[in-house]
Amino acid sequence: MARIDATAAKAAAALAAAQLTTILQDDTLTELFNDYKQSNHPMRGVEKLFLLAPATGVVTSNDAYIDAAYAGNYPTSGIESGRQSQGTPTPITLVSAAVADADPDIIVLTFSEKVFENQSNRIAVGGTVTTEKKISSIDYNGTIVNVQVDSAYINGDVITTTLRLFGNRGYIDLVDQAVTNNVN
């Protein structure tokens, strides 16, 4: 028996790719499902979703691995000897969100754990302010994110922020999160 030709292999791979997209994509939005954006999420280990029987060449679904991933665990596929499950992801929480009188053009966001630079640029500022604000820079420093806007906030401005940030094993989504305005 001979192997299939390249054209048939590409067609089979395209079918498998479409099915993997169904597994990994958000069922409403056309993007990767939010939890799976963490590079270490178990569902990102695409090769671990399947088992190969070398003797027969038959590939089957690794149901035990998928069940553990859906249960919120970080299982191993049985391939990495000695690795233990990392357990349930720890959610990131917002500790504080404020603008200080000393730096009225910087929103200081403090989180419960270190967050990573937001590659998708999903930080926005809003609220009821005297002058429209645009983000001029974002500084990530461990648990603190400084969002600098193009002009200072003044006393009475109502400030909000919307964002999605990721940490080591969790993420946070904030929508129109109130920011304390401490500008006098």
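The values are calculated or read from the model by the stated rules, or taken from the named source; none is laboratory data. Just so it is clear, the structure is predicted and the values come from calculations on it, not from any experiment. With ideal geometry, Cβ positions are generated from the backbone for all residues, glycine too; neighbour counts draw on all protein chains shown.
A compact table of results
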quantity: Output for the stretch 130-147, where each listed residue is touching a residue at least 12 places away in the same chain (Cβ under 8 Å), part of a strand (DSSP E or B) and loosely packed, with under 14 Cβ neighbours inside 10 Å; calculated: Ser136
quantity: Checklist (1) surrounded by 18 or more Cβ atoms within 10 Å (Cβ to Cβ); (2) modelled with pLDDT of 80 or more; (3) not charged (D, E, K, R) applied to Pro89, failing item; calculated: (2)
quantity: Test for Ser151: is it in contact with a strand residue (DSSP E or B) (Cβ under 7 Å, 6 or more places away or on another chain) and in contact (Cβ under 8 Å) with a residue 24 or more places away in the chain; calculated: no
quantity: Conditions (1) of a type in the set (Gly, Ala, Ser); (2) exposed (fewer than 14 other Cβ atoms within 10 Å of the Cβ); (3) in a strand (DSSP E or B): number failed by Gly127; calculated: (2)
quantity: Matching residues, the stretch 115-124, being surrounded by 15 or more Cβ atoms within 10 Å (Cβ to Cβ) and not aliphatic (A, V, I, L, M); calculated: Asn118
quantity: Matching residues, the stretch 94-124, being closer than 16 Å to Ala152 by Cβ and either in contact with a helix residue (DSSP H, G or I) (Cβ under 6 Å, 6 or more places away or on another chain) or outside any loop (DSSP other than H, G, I, E, B) (or both); calculated: Ala98, Val99, Ile106, Ile107, Val108
